[in-house]
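My questions all concern the structure below.
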């Protein structure tokens, strides 16, 4: 399915997180919102720590500081699985198109309801609709 700019922005902002793998804990202060995990048995190469960062600006800040301190690192972008992820980033569907079609469906149902109320408020049309409905339900088409 085609992803719109809004779909891509929602995924980037709320779904994607960046894992920065490092050999040792950096000497500087990590960006706000960063989480550090020791890898233990699930080591990736020689890296022993994973720093999880959610925002792009924090990732740039962290990688610049790691580069300045001459520390080796690797970056990997992964999809997180928040509870609202299936609503804003459904698999193989567009969130934007889903919202647009939902609004169009609600609009069509509402306008159909308004037309039906208007038809039923007009006595001549109301009688014709009632007779036609009776003919269909009774099977009498004469």
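Rule-based calculations on the coordinates, nothing more; no lab input. In this text the structure is predicted, and so the values were computed from the model without any measurement. Ideal geometry is used to build each Cβ from the backbone, glycine not excepted, and the neighbour counts take in all protein chains shown.
When only Cα pairs under 8 Å and 6 or more residues apart are kept, what is the percent relative contact order across the chain? Display every interim value, and only then the final one.
Values: 138 pairs, mean separation 41.2, N = 142.
Computed over the chain, the figure is 29 percent.
Grab the alpha carbons of the chain, take their convex hull, and tell me the volume per residue in Å³. Write out the running numbers ahead of the final one.
Working: hull volume 27.7 nm³, N = 142.
Spread over its residues, the Cα hull of the chain gives 195 Å³ apiece.
Using a Gaussian network model of the chain whose springs link C-alpha atoms within less than 10 Å, name the residue from 125, 109, 66 with the highest mean-square fluctuation.
Top of the fluctuation ranking is 125.
Suppose R0 equals 22 Å; then what is the FRET efficiency for residue 104 and residue 11 from their Cβ-Cβ distance, rounded to the nearest 0.05?
Numbers: r = 24 Å, r/R0 = 1.08.
So the FRET efficiency works out to roughly 0.40.
Please determine, in degrees from 0 to 90 and to the nearest 10, the orientation of helix 95-121 with respect to the longest principal axis defined by the Cα atoms of the chain, where the helix direction is its Cα long axis.
Between the helix axis and the principal axis of the chain, the angle is about 20 degrees.
Here's another thing I want to ask about it. For residue 81 and residue 65 in the same chain, what is the full-extension length gain: residue separation times 0.36 nm, less their Cα-Cα distance, in nm?
Details: separation 16, 0.36 × 16 = 5.76 nm, distance 2.83 nm.
Contour length minus Cα-Cα distance gives 2.9 nm.
Remind me, what semi-axes does the stretch 95-138 give for its equivalent ellipsoid, largest first in whole Å, using sqrt of 5 times each Cα gyration tensor eigenvalue? Please report the intermediate quantities before stating the final value.
Working: eigenvalues 203, 33, 3 Å².
Result for the stretch 95-138: semi-axes of 32, 13, 4 Å.
Please compute the Kirkwood hydrodynamic radius over the stretch 29-103, one decimal place, Å, based on all pairs of different Cα atoms. Numbers along the way, then the final one.
On the way: mean 1/r = 0.0657 Å⁻¹.
By the Kirkwood definition, the hydrodynamic radius is 15.2 Å.
List the relative contact order of the stretch 5-88 as a percent without decimals, with contacts defined as Cα pairs under 8 Å and 6+ residues apart.
Details: 114 pairs, mean separation 36.5, N = 84.
Rounded, it is 43 percent for the stretch 5-88.
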